[in-house]
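The values are calculated or read from the model by the stated rules, or taken from the named source; none is laboratory data. Everything numeric in this text was worked out from a predicted model, so none of it was measured. Please note: Cβ atoms are built from the backbone with ideal geometry, for glycine as well, and neighbour counts cover all protein chains shown. Heads up: the accessible areas ignore ligands, DNA and RNA and are worked out on the full protein's heavy atoms, side chains in. Shrake-Rupley method; radii C 1.70, N 1.55, O 1.52, S 1.80 Å.
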Amino acid sequence: QVQLVESGGGLVQAGGSLRLSCATSGIIFSINTMGWYRQAPGKQRELVAAILSGGATHYAESVKGRFTISRDNAKNTVYLQMNSLKPEDTAVYYCSAYSTIAGTSWGQGTQVTVSS
């Protein structure tokens, strides 16, 4: 199995920055994709950013140029650097991992609130 623990959420003013972290454990060698999703109240969960095992990244159009996904293999941690935050970025952010053995795993979520 794969375990994910997010941290780094909080309250920030519009224009500010936050960095989310996702610590992974378990059968990490089997993970080939990691991503950050978010879910705002009354809305569906949506993909924010993903990073593949080869390092390629993908971003939602709404966050391109503002968010950066990265990973530190030595720490088994994936990050989401969020800059120029907007009130519409307010959501619960979830870390996910796709494992060729365990399938998709999710973290518990971390709240990000951006005030105007």
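Filtered by the rule that a residue be surrounded by 14 or more Cβ atoms within 10 Å (Cβ to Cβ) and either in contact with a Lys or Arg (Cβ under 9 Å, 6 or more places away or on another chain) or touching a residue at least 24 places away in the same chain (Cβ under 8 Å) (or both), region 68-83 gives ILE69, ARG71, ASN76, THR77, VAL78, TYR79, LEU80, GLN81, MET82, ASN83. Evaluation of THR24 against the conditions (1) farther than 16 Å from VAL5 by Cβ; (2) open to solvent by less than 50 Å² (accessible area, probe 1.4 Å); (3) at pLDDT below 95; (4) in a strand (DSSP E or B) shows that the sole unmet condition is (1). A search for C-beta distances below 6 Å between a residue of region 38-64 that is farther than 18 Å from ASN76 by Cβ and any residue that is basic (Lys, Arg) and surrounded by 10 or more Cβ atoms within 10 Å (Cβ to Cβ), counting only pairs 6+ apart in sequence or on different chains, returns GLN39/ARG45; VAL48/ARG38. Just wondering, is there one or more residues in region 87-104 that are of a type outside the set (A, V, I, L, M), in a loop (DSSP other than H, G, I, E, B) and out of contact with any Gly (no Cβ under 7 Å at 6 or more places or on another chain)? Yes, there is a match, as at least one residue in region 87-104 is of a type outside the set (A, V, I, L, M), in a loop (DSSP other than H, G, I, E, B) and out of contact with any Gly (no Cβ under 7 Å at 6 or more places or on another chain).
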